Structure formats: C-alpha cells, structure tokens
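**Student:** Shown below is the structure under consideration.
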Amino acid sequence: MRVLALTHGPNVGPGVFADAVRSDGHELVEHELPVSGVPQDEPDAIVVLGGAMHPDEEERHGWLLPELRYLEEQLERGTPMLGVCLGSQLIARAAGARVFRADEAEVGWFPVELTDAAAADPVAASLPARFDAFQWHHYTHDLPGGAVELARSSVCTQAYRLGRAWGVQFHPEVRAEQVEAWLAEDLDDIPDPAVFREATRERIEGWNDLGRRLCGAFLNTV
C-alpha cells in the first residue's frame, strides 16, 4: 500500500507513524504541500499532518484552499485518511464543518477520554479509555455532518470518524526531537518549559508506542 504523508512544514513530519507504515511493509511518501502543491497521483491512504498555521488562514497561505479542495475530493472518493491536529481540522473543514479558535489552547499534556462510540471503532479502540495526550493547538472545529465523535477533552472534540476518514486533535506521531523543535519555534506557548520538558521525558516512550499502535490500527483497518 502506498501511504502519502501530507506535511505543512519542515518540523511536522510523520514521526513514529513512519515506523508503523514501514514495519507493516507499506511505502511512505512525504509531500510538503506548501512547497510542492497538491499531489497529482492517487495514493492508497493519506495521513494529513499538523502545522504552525491555522485552518482558516487561506489569505496568508495560498495553498490552503487548493488543499481543502483536494481533501474534499478524497472524501468523495472514499480514500482512507488519518488527520492529525491541523490535518484533522482541515479534513473537518473540507467536509463542511466550522473551524474556529478554541476557548482555550491545549499545549502540553492533557487528559482525553474516549466516547462510548469508540469501542466499536477499529482505530479508536486501539486507544486507552482515558489517557494523557500530547497537544499543541489553539483551534478546534465542529463535528462534520455524519461524523461520529470518538474522543473528547474538557475543551473540544479530540477524535472523530467520517466514513473512511479519521481525525485526532492530539499529536500521536510526535517524537522527542520534534517537540524540541516546536519549543524552539514557539517557546511563548509554554508557561514553564522546564516542567513541560520533564513531563515529556517521562511520557514520550509510552506515547510513541501509542502512536505506532494507532497508526497501525488505521493501516490494518483500511
């Protein structure tokens, strides 16, 4: 299976998802959309990753509307997709949902709880019923029409399924070195970087295992 990873910058790559794709014997192709534009071929599955921009900033980022049209086409085709943070927001927007600034940002480790519907979902069921998730977002979205909410935090929807597309607001893909790169770019987002780094050091190994498991469940499902 050919898996396309849509990225939106140099430090927001597939992380441990790459491990899961390759260990299952699939081909991973990374495509930095702001640089290369929308892909011209048809992959077997798509992972839509995060980025420092917000999902409604098309006036600042001219590639956003073409990407939204591309994602809308993939939804219509039924291409399997897994969106992460910005990627999840973009899939939701492509499906007609409203995207907007959340009442409060979630940057750091925050508790997430699965909904009752998650037990019947082959991707979400790979997750614990409750867990602390690595988050870095200021925006959220309404649930797209026809979608099923699979997880929530106290702030917003954290996971959903729409047909053969899944979205997660947290960052299951992120490696320790990516966290450090994001800190260097947006240190002001973190009230206490020392506490944040210590929490990440303690949790990142288990978090990476969760990320590989989640991506593997997506690949096995599609």
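**Student:** Report whether or not V112 is open to solvent by less than 10 Å² (accessible area, probe 1.4 Å), touching an Asp or Glu at 6+ places or on another chain (Cβ under 7 Å), at pLDDT 95 or above and closer than 30 Å to A194 by Cα.
**Tutor:** Numbers: open to solvent by less than 10 Å² (accessible area, probe 1.4 Å): yes; touching an Asp or Glu at 6+ places or on another chain (Cβ under 7 Å): no; at pLDDT 95 or above: yes; closer than 30 Å to A194 by Cα: yes.
Judged against the criteria, V112 is not a match.
**Student:** Just name the residue that is surrounded by the fewest Cβ atoms within 10 Å (Cβ to Cβ) out of those in segment 84-94 that are among the small types (G, A, S) and touching a residue at least 60 places away in the same chain (Cβ under 8 Å).
**Tutor:** Narrowing segment 84-94 to residues among the small types (G, A, S): 87-88, 92, 94.
Among the residues that remain, those that are also touching a residue at least 60 places away in the same chain (Cβ under 8 Å) are: 87-88, 92.
Working: G87: 29, S88: 29, A92: 27.
If we take residues in segment 84-94 being among the small types (G, A, S) and touching a residue at least 60 places away in the same chain (Cβ under 8 Å), then A92 is surrounded by the fewest Cβ atoms within 10 Å (Cβ to Cβ).
**Student:** From the list R130, R101, exactly one residue is at pLDDT 95 or above, open to solvent by 60 Å² or more (accessible area, probe 1.4 Å) and touching a Pro at 6+ places or on another chain (Cβ under 9 Å). Which is it?
**Tutor:** Working: R101 fails: touching a Pro at 6+ places or on another chain (Cβ under 9 Å).
Step by step, each of R130, R101 is checked, and only R130 is at pLDDT 95 or above, open to solvent by 60 Å² or more (accessible area, probe 1.4 Å) and touching a Pro at 6+ places or on another chain (Cβ under 9 Å).
**Student:** Enumerate the pairs (first residue in segment 35-60 and within 17 Å of Q89 (Cα to Cα) and of a type in the set (D, E); second residue anywhere and open to solvent by less than 60 Å² (accessible area, probe 1.4 Å) and not in a helix (DSSP H, G or I)) with beta-carbon separation below 8 Å, excluding pairs fewer than 6 apart on the same chain, so at least 6 apart or on different chains.
**Tutor:** What qualifies is D56/V99; D56/F100; D56/Y139.
**Student:** Take E205 and decide whether it is in a helix (DSSP H, G or I), free of Cβ contacts under 8 Å to residues at least 60 places away in the same chain and under 30 Å from D121 (Cβ atoms). Even if it seems obvious, please write down each step before you answer.
**Tutor:** Values: in a helix (DSSP H, G or I): yes; free of Cβ contacts under 8 Å to residues at least 60 places away in the same chain: yes; under 30 Å from D121 (Cβ atoms): yes.
Yes: the conditions hold for E205.
**Student:** Considering only residues that are out of contact with any strand residue (DSSP E or B) (no Cβ under 9 Å at 6 or more places or on another chain) and buried (at least 16 other Cβ atoms within 10 Å of the Cβ), which ones fall in segment 16-33? Break it down stepwise before answering.
**Tutor:** Within segment 16-33, the subset out of contact with any strand residue (DSSP E or B) (no Cβ under 9 Å at 6 or more places or on another chain) is 16, 19-20, 23-25.
Within segment 16-33, V16, D19, A20 meet the criteria.
**Student:** Which one is modelled with the highest pLDDT, of the residues in segment 34-83 that are surrounded by fewer than 17 Cβ atoms within 10 Å (Cβ to Cβ) and among the polar types (S, T, N, Q)?
**Tutor:** Going through the qualifying residues, I end up with S36.
**Student:** Can you give me the number of residues within segment 168-209 that are of a type in the set (A, V, I, L, M), out of contact with any strand residue (DSSP E or B) (no Cβ under 7 Å at 6 or more places or on another chain) and open to solvent by less than 60 Å² (accessible area, probe 1.4 Å)? Talk me through it step by step, then tell me what you get.
**Tutor:** Residues of segment 168-209 of a type in the set (A, V, I, L, M): 168, 174, 176, 179, 181, 183-184, 187, 190, 194-195, 199, 204.
Filter once more, keeping what is out of contact with any strand residue (DSSP E or B) (no Cβ under 7 Å at 6 or more places or on another chain): 176, 179, 181, 183-184, 187, 194-195, 204.
Filter again for open to solvent by less than 60 Å² (accessible area, probe 1.4 Å), leaving 176, 179, 181, 183, 204.
Adding up the residues that qualify gives 5.
The values are calculated or read from the model by the stated rules, or taken from the named source; none is laboratory data. Bear in mind that the values here come from a model prediction, so they are computed numbers and not experimental data. Every residue, glycine as well, gets a Cβ built from its backbone with ideal geometry; the counts of neighbours run over all protein chains shown. Only protein heavy atoms, including side chains, enter the accessible area calculation; ligands, DNA and RNA are left aside. Shrake-Rupley method; radii C 1.70, N 1.55, O 1.52, S 1.80 Å.
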